[in-house]
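One structure below.
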């Protein structure tokens, strides 16, 4: 597991870098993988007019990762490779997804459109069933002459987008990787709620194979710049990782969250779904086993990320490649009695984001300014000199990469569905405000200056009536759907 830290020389190279070189050499085929026909001929004209030297893109999309990482100050979880990426890039401390479950979140940040526009608000609706002609992020790069490859989970499982890729592939565990010690923590009530300390090596698990394929693709020589999407699965359930990663986290080292005695009860829709009864039956040992398995998956994923970052360095590509690391949403590990995502609390809406853009900004910087995942699309296009499709709803945060302390956007929005009604939440640098069914089924207001855990609901405090009214107005303006231009 790589643990190296950036040298002073590398820091100076990052800050002095003024240009980028694309990968060179002939294009290579990938036998046994899903190859696509060349992009449409209109892209050829765009490519011909584009600059000769363009940045490559490594876009790493992780699944269900929360901020329990070394670079965000967690005292236990080992993430040396995320830490070194943050040490050479920009760490975003207030970055928010637009919908905290997999398919809606990915459909949003891969199009630069908000969920009210994509109309994808569950894990079963394919993006193109709602927006058949939408141009996705990798598709735009492909149209502009990039070789685009998607390895692992970029779009939601089973909904891969063929128009986006020249090549795409995913993997399954080997027979050895299916063996190991573990159990279901819900007694079988929740099929997904299981962990396994697996036999075999990293490459016996899909994430290990994804890393190996990403390294192979980076090593190929081609005459086009590369957009490489790498979609790691862990720490998403089922919580399976090689046994050695579990051994890093003895159960006695796991600390469980505690609910303050004066915590305000959450409105009924805030913690919704059929899982609550099973979670309430957990013993403390089962809670610790759940957390240990999640942390094992986090460190396993981090080790695979390290292999890809090592390849960038070894192949001389680090200084000509923009790197984005993003998780599709956050996760609860017992806060409010919840062990999943799909809430409008901070643990679910806030998601890890690190961007390394060689020559832009200072290595190792962090920003507490608000950004949304819908902003990733226009940020990457600006960094690579591409024009956005019409109707993009995000805002490029390239200026924040150059000056992470400058004033920035005032609000970030997240939403969920609860069947017959919706919940909407707005985050400012100080407040989180949430309405359920337009306020009819609950209103929440939390002051992050004094209550970062969101335990005391201040929505009924008369002294904050003006704050509530202002945030409600902003929230209702956001909830109006915008058509794609």
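The values are calculated or read from the model by the stated rules, or taken from the named source; none is laboratory data. Since the model is a prediction, treat every value here as computed from it, not as a measurement. FYI the Cβ positions are ideal-geometry reconstructions off the backbone, even for glycines, and counts take in every protein chain you see.
Each row is one residue, and each column tells you yes or no for (1) modelled with pLDDT of 95 or more; (2) within 30 Å of residue 311 (Cα to Cα).
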| site | (1), (2) |
| --- | --- |
| 213 | yes, yes |
| 217 | yes, yes |
| 223 | no, yes |
| 226 | yes, yes |
| 234 | yes, yes |
| 249 | yes, yes |
| 259 | yes, no |
| 276 | no, no |
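Starting from the stretch 170-185, take each residue that is at positive phi and in contact (Cβ under 8 Å) with a residue 40 or more places away in the chain and list its partners that are surrounded by 18 or more Cβ atoms within 10 Å (Cβ to Cβ) and assigned to a loop (DSSP other than H, G, I, E, B), counting only C-beta distances under 9 angstrom and pairs at least six apart or across chains.
Pairs that qualify, where the first residue is at positive phi and in contact (Cβ under 8 Å) with a residue 40 or more places away in the chain and the partner is surrounded by 18 or more Cβ atoms within 10 Å (Cβ to Cβ) and assigned to a loop (DSSP other than H, G, I, E, B), are 180/200.
Could you check how many residues of the stretch 52-78 are surrounded by fewer than 22 Cβ atoms within 10 Å (Cβ to Cβ) and under 30 Å from residue 223 (Cβ atoms)?
Residues meeting the conditions: 2.
Can you find, within the stretch 408-421, the residue that is farthest from the chain's Cα centre (by Cα) among those that are in contact (Cβ under 8 Å) with a residue 60 or more places away in the chain and surrounded by 16 or more Cβ atoms within 10 Å (Cβ to Cβ)?
Checked the stretch 408-421; the qualifying residue farthest from the chain's Cα centre (by Cα) is 418.
Identify all residues within the stretch 319-335 that are out of contact with any strand residue (DSSP E or B) (no Cβ under 9 Å at 6 or more places or on another chain) and either surrounded by fewer than 23 Cβ atoms within 10 Å (Cβ to Cβ) or at pLDDT below 95 (or both); write none if there are none.
319, 332, 333, 334, 335
I'd like to verify a number: residues in the stretch 186-217 that are touching a residue at least 40 places away in the same chain (Cβ under 8 Å) and farther than 19 Å from residue 340 by Cα, how many?
17
Taking the conditions exactly as written (part of a helix (DSSP H, G or I) and under 24 Å from the mean Cα position of the chain (by Cα)), does residue 379 satisfy them or not?
Details: part of a helix (DSSP H, G or I): yes; under 24 Å from the mean Cα position of the chain (by Cα): yes.
So residue 379 fits the description; yes.
Which residue pairs have Cβ atoms under 7 Å apart, sit 6 or more places apart or on different chains, and have a first residue in the stretch 223-251 that is surrounded by 24 or more Cβ atoms within 10 Å (Cβ to Cβ) and a second that is modelled with pLDDT under 95 and not in a strand (DSSP E or B)?
225/22; 225/23; 225/54; 226/23
So which residues in the stretch 382-394 are within 16 Å of residue 145 (Cα to Cα), assigned to a loop (DSSP other than H, G, I, E, B) and touching a residue at least 60 places away in the same chain (Cβ under 8 Å), if there are any at all?
Correct list: 384, 385, 386, 388, 389.
Given (1) out of contact with any strand residue (DSSP E or B) (no Cβ under 6 Å at 6 or more places or on another chain); (2) at pLDDT 95 or above; (3) outside any strand (DSSP E or B); (4) surrounded by 15 or more Cβ atoms within 10 Å (Cβ to Cβ), where does residue 484 come up short, assuming only one miss?
(2)
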